[in-house]
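Derivation of every value follows stated rules applied to the coordinates shown; laboratory data play no part. These numbers were taken from a predicted model, which means no experiment stands behind them. Heads up, the Cβs are rebuilt from the backbone with ideal geometry, glycines too, and the neighbour counts pull from every protein chain shown.
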Amino acid sequence: MMNAASDAKRFAETSRQFNQVPISDKNSRGQKVGPKAPREAQRFKIRSIAERASSRLKQDLGANNVIIRGRRKVFLHLLFGIITLFVDQPLALSNRLSKINSWIASKAVLFA
C-alpha cells in the first residue's frame, strides 16, 4: 500500500497491535522530512526489494492471472516465474551496466 495516506498513524497503530513493525515511507506533505534511523532505512530497503520482486512476479510473469487448476500445477507455474525472475535479473543488470559504460565512453570522447 503506497499512497498519500500510507504513513497515517492509524495504519501504524494497527500494525503494532499485531506485533509488527510498520514500514512506510513518510509523506512529506510539502515539508522537509528528516533522515530515517539506520535500522528503519535498512528495513525499508529490504521491504522495497521484496515488494518489487512480488510486483514483477504478478505483473510480468503471470502470477496474478493463473488460469490452471491444481496445487501442483499452480506451484510449478509460480516456480517457473520465480526462476525466470532470478535468471532475468542479472541479464537486466548487465544490460544496464553496458548502457552506463557506453554513456561514460561517449562523454570521455567529448573531453579527450
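Between Val74 and Trp103, the simple label model (points 7 Å from Cα in the Cβ direction) yields a spacing of 4.2 nm.
Extension gain for Thr84-Ala53 works out to 10.0 nm (0.36 nm per residue, less the C-alpha to C-alpha distance).
Computed from the C-beta positions of Arg10 and Glu40, the FRET efficiency with R₀ = 22 Å rounds to 0.70.
Can you pick out the pairs among Lys36/Lys107; Lys58/Lys107; Lys45/Lys99; Lys9/Lys45 whose Cα atoms lie more than 28 Å from each other? Going by Cα-Cα distance, Lys36/Lys107; Lys58/Lys107 fall outside the 28 Å limit.
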